[in-house]
């Protein structure tokens, strides 16, 4: 069975965190785009915001050896692995944080499955009971806003190599975590007791109910 490709829009903070920490959770989300597990969408507005934030002095300060050319190469790579949407109509007004409207508008336009963000204003659209959040959930189903760790978990679950020929399948999840670095790897082990068969898949860092900051 072919793997399902998820359609996603990433908030600007995901790109910045991926740039600052190439081995971190946000970078793994971008890796999933490069590995063709995720179709990522960009617009002029989101690219302009990424470029604006990346070139700020506080970002340069955290990467003292980086050059403007390297930052531009990072942005160019994003455009190479993403789909660009030229026209993004306004579809959602968000008084709590109007800057987030362009993210929702893009996700609605490209019919994304997920918005990936660490921004509490965006994440609260899934759980808050204010009028704007309720409108978002009612109007834009099945679009969901998820944190990067949850997004990797979703990808991992969809990558699980299920095989219908095994009748007595059991799933075991093995989590190997280095808590000092807040990193880890997972393995799905699919067992068939009647034949002793095991299929193992792994890679992305995630853990259910484990708060990665």
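Considering each residue of the range 56-73 in turn, none proves to be under 27 Å from residue 37 (Cβ atoms), part of a helix (DSSP H, G or I) and modelled with pLDDT of 95 or more.
All conditions in (1) under 17 Å from residue 119 (Cα atoms); (2) free of Cβ contacts under 8 Å to residues at least 60 places away in the same chain; (3) in contact with a strand residue (DSSP E or B) (Cβ under 8 Å, 6 or more places away or on another chain) hold for residue 10, with the sole exception of (2).
Each row is one residue, and each column tells you yes or no for (1) out of contact with any strand residue (DSSP E or B) (no Cβ under 7 Å at 6 or more places or on another chain); (2) buried (at least 18 other Cβ atoms within 10 Å of the Cβ).
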| position | (1), (2) |
| --- | --- |
| 15 | yes, yes |
| 21 | yes, no |
| 26 | yes, yes |
| 32 | no, yes |
| 39 | no, no |
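Counting only strands (runs of 3 or more DSSP E) that sit completely within the range 116-202, those holding 3 or more residues that are assigned by TED's automatic domain parsing to the domain that holds residue 106, within 24 Å of the chain's Cα centre (by Cα) and at pLDDT 50 or above correspond to 144-146. Residues in the range 90-113: is at least one in contact (Cβ under 8 Å) with a residue 24 or more places away in the chain and either farther than 30 Å from residue 129 by Cβ or not assigned by TED's automatic domain parsing to the domain that holds residue 128 (or both)? No: zero hits. The residues on offer are 78, 106, and the sole one that is closer than 17 Å to residue 22 by Cβ, in a helix (DSSP H, G or I) and touching a strand residue (DSSP E or B) at 6+ places or on another chain (Cβ under 8 Å) is 78.
The values are calculated or read from the model by the stated rules, or taken from the named source; none is laboratory data. Keep in mind that what you see is a predicted model, and the values were worked out from it rather than measured. Virtual Cβ from ideal backbone geometry, glycine too; neighbours counted across all protein chains shown.
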